[in-house]
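Step one of this worksheet: look at the structure below.
Derivation of every value follows stated rules applied to the coordinates shown; laboratory data play no part. Keep in mind the model is a prediction, meaning the values are calculated, not measured. Cβ: placed from backbone, ideal geometry, glycine included. Neighbour counts: every protein chain shown.
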Amino acid sequence: MYKPVLSRFQYTRQHGKRRTYDVTVNLVQKASGVCSYAAWVHFEAEFKGSGLMLPLVANTRDAAVREAQMRIKNDIENLIGVVE
């Protein structure tokens, strides 16, 4: 059984144009306990990318949400899979 968690947050890039991006994260924890996620990054309603989605190491939903947010923030900061 899948247990999806949808979360939204904003992140302001510290370099470049220092835009504030709207991020939507869909995280799923499978019955096996493995967590994966998909992310959508927008600026002023324009899709800017989804970052680099790799499997998560965390094995609880709360830790997986924090890990996914940390990874997406890093992707935005370094423009990995995200266009400024």
Ellipticity estimate at 222 nm from DSSP helix runs (n ≥ 4, -39,500 (n - 2.57)) divided over the chain, nearest 500: -7000 deg cm²/dmol
DSSP-assigned coil residues among GluC sites (Glu not before Pro) in segment 33-82, each with at most 16 further Cβ atoms within 10 Å: E44
Size of charge dipole - the chain - debye, nearest 20, with Cβ of Lys, Arg +1 and Asp, Glu -1, no other charges: 140 debye
Net charge contributed by nearby residues that have their C-beta within less than 13 Å of I76 (K/R +1, D/E -1): +3
Total formal charge among the other residues, if their Cβ is under 10 angstrom from that of K48, Lys/Arg +1 and Asp/Glu -1: -3
Cα pair distances of segment 3-77 binned at 5 Å [whole percent]: 3, 17, 29, 23, 14, 8, 4, 1, 0
Segment 3-77, relative contact order [Cα under 8 Å, separation at least 6], %: 25 percent
